[in-house]
Amino acid sequence: MKTLGIVIFYYPTDEVWKNIASYIDLLDKLIIWNNTPGNQLDLHFPTWEEKIVLMGVGKNLGIGKALNKAILYAKENQYDYLLTMDQDSHFVKKDFKLYLKAIKESNIRSIFSPNYLLHDKALYTSIDDGFIEVETTMTSGSVYPVEVFSKIGLFRDDFFIDAIDTEFSLRAKKSGITTRVMPQVYLVHGAGYQKTKHKFLWKTFFPNEYSPVRSYYIVRNGIITKRLYPWANWKGFLYYWFYKRLFFVICYEDNKFAKIKGLLYGFYHGMIGKTGEQTIF
C-alpha cells in the first residue's frame, strides 16, 4: 500500500529536517509545499532527493489549498494513504512505524491520529493498545485513507488557516466516518503558543500569544464551524478562544490593539459567514 506525505513550509528553521527524518523513510513520496513568500528558501536534501516532490508558488496560499493539492496528487498517482504534517512536528522514536503498521492492519475507513505531546504532556491518557474514537483531531500527524476524500470532499481552503482539521473531522463524522487516535503513538507538536507563565489569583496559566492574523482566523473559522455543526462538543469555544483570549491580550500580551482588532473582526466575520483570506491587516 502506497503512502504519500505532505509537510507545509512557512519560514522553516533547520529543525525541520530533524522532524522530517522521523517519518520520511516509511513514505513512498513526501510533498514539501512551500508557503514562504518570495520562494527564497535554500532547500538541499541529497539524502531524500528521490522521495521529495517540491510544490508551492512562493506565496502563502493557506493550509487548505496545499492539502487539497496533495489529495489530488495522491488520487492521480494511486496512493492509498495521505499523511499530513506541520513543519514543527515529529514522531517519537520509532512510533511512526508502529502507527502506520496498525493503520494498514486495521482495515477501518477512518481518519487516524497520533497522541499529541504538548509541553511534554500527552493529550490522551488512555492505556488502550489500539485506537480510541474521538470527535476531532489536528492535521499534523493525521493519516487519511485517500478514498475518504471521494465521500467527504476536500478540505475547506476558504478557511485559509485554522479549524480546517476540526471542520473536516466533523464533516466526516456527519458522513459516518470516524476519527480514531492511537494513544501509544506520540507526536511532539510545536503549537507555537503558551510560552510565558503568568499567575492570576490562585491560577497559573500560559497566554496563547497568537499573532493578530492567527487570532482572527481562530475565532472566525471556529464560529463558522460551530454554526455548521451545532451538535459538536464545543460548549466552551467562545469562552476559551474569544473571551479568555481578550482577557489575556488586554492583561498580558503585546500588540494589544492589533490582536483585539483581529478577535473582534474574527467574531463579526464568523457571525456573518465571511470566509477567504483576511484583508483587514
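Just a yes or no: is a residue in the range 218-237 surrounded by fewer than 14 Cβ atoms within 10 Å (Cβ to Cβ) and in contact with a Phe, Trp or Tyr (Cβ under 9 Å, 6 or more places away or on another chain)?
Checking the range 218-237: not a single residue is surrounded by fewer than 14 Cβ atoms within 10 Å (Cβ to Cβ) and in contact with a Phe, Trp or Tyr (Cβ under 9 Å, 6 or more places away or on another chain).
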Report summary line: In the range 109-136, anything touching a residue at least 60 places away in the same chain (Cβ under 8 Å), over 17 Å from residue 95 (Cα atoms) and part of a strand (DSSP E or B) is listed as 111
Query raised in the report: In the range 6-26, what residues are under 10 Å from residue 96 (Cβ atoms) and either among the small types (Gly, Ala, Ser) or outside the structural domain of residue 73 (by TED's automatic domain parsing) (or both)?
Result: 22
Query raised in the report: Of everything in the range 216-236 that's in a helix (DSSP H, G or I) and in contact (Cβ under 8 Å) with a residue 60 or more places away in the chain, which residue is farthest from the chain's Cα centre (by Cα)?
Result: 228
Query raised in the report: Of everything in the range 81-112 that's acidic (Asp, Glu) and out of contact with any helix residue (DSSP H, G or I) (no Cβ under 8 Å at 6 or more places or on another chain), which residue is surrounded by the fewest Cβ atoms within 10 Å (Cβ to Cβ)?
Result: 105
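Yes/no matrix, rows are residues, columns are (1) surrounded by fewer than 18 Cβ atoms within 10 Å (Cβ to Cβ); (2) modelled with pLDDT of 65 or more; (3) closer than 28 Å to residue 94 by Cα; (4) of a type in the set (A, V, I, L, M, F, W, C):
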{"position": "175", "(1), (2), (3), (4)": "yes, yes, no, no"}
{"position": "179", "(1), (2), (3), (4)": "no, yes, yes, no"}
{"position": "186", "(1), (2), (3), (4)": "no, yes, yes, no"}
{"position": "189", "(1), (2), (3), (4)": "no, yes, yes, no"}
{"position": "197", "(1), (2), (3), (4)": "yes, no, no, no"}
{"position": "203", "(1), (2), (3), (4)": "yes, yes, no, no"}
{"position": "208", "(1), (2), (3), (4)": "no, yes, no, no"}
{"position": "215", "(1), (2), (3), (4)": "no, yes, no, no"}
Report task. Evaluate the range 232-250: report whether one residue or more is among the polar types (S, T, N, Q), touching a helix residue (DSSP H, G or I) at 6+ places or on another chain (Cβ under 9 Å) and within 30 Å of residue 178 (Cβ to Cβ). Result -> no
Requested in this report: Please go through the range 233-281 and pick out each residue that is within 13 Å of residue 216 (Cα to Cα) and of a type in the set (Asp, Glu).
Outcome: 277
Report task. Report, ordered by the first and then the second residue, all pairs with beta carbons closer than 6 Å, sequence separation of six or more or different chains, a first member in the range 48-64 that is basic (Lys, Arg), and a second member that is part of a loop (DSSP other than H, G, I, E, B) and surrounded by fewer than 19 Cβ atoms within 10 Å (Cβ to Cβ). Result -> 59/37
Query raised in the report: Which number in (1) in contact with a strand residue (DSSP E or B) (Cβ under 6 Å, 6 or more places away or on another chain); (2) loosely packed, with under 13 Cβ neighbours inside 10 Å; (3) not polar (S, T, N, Q) marks the one condition that residue 252 misses?
Result: (2)
Query raised in the report: Applying the selection to the range 256-276, what residues are loosely packed, with under 15 Cβ neighbours inside 10 Å and under 19 Å from residue 62 (Cα atoms)?
Result: 273, 274, 276
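The values are calculated or read from the model by the stated rules, or taken from the named source; none is laboratory data. All of these numbers come straight from a predicted model, not from anything done at the bench. Neighbour counts are summed over all protein chains in view; Cβ atoms, including those assigned to glycine, are modelled from backbone coordinates with ideal geometry.
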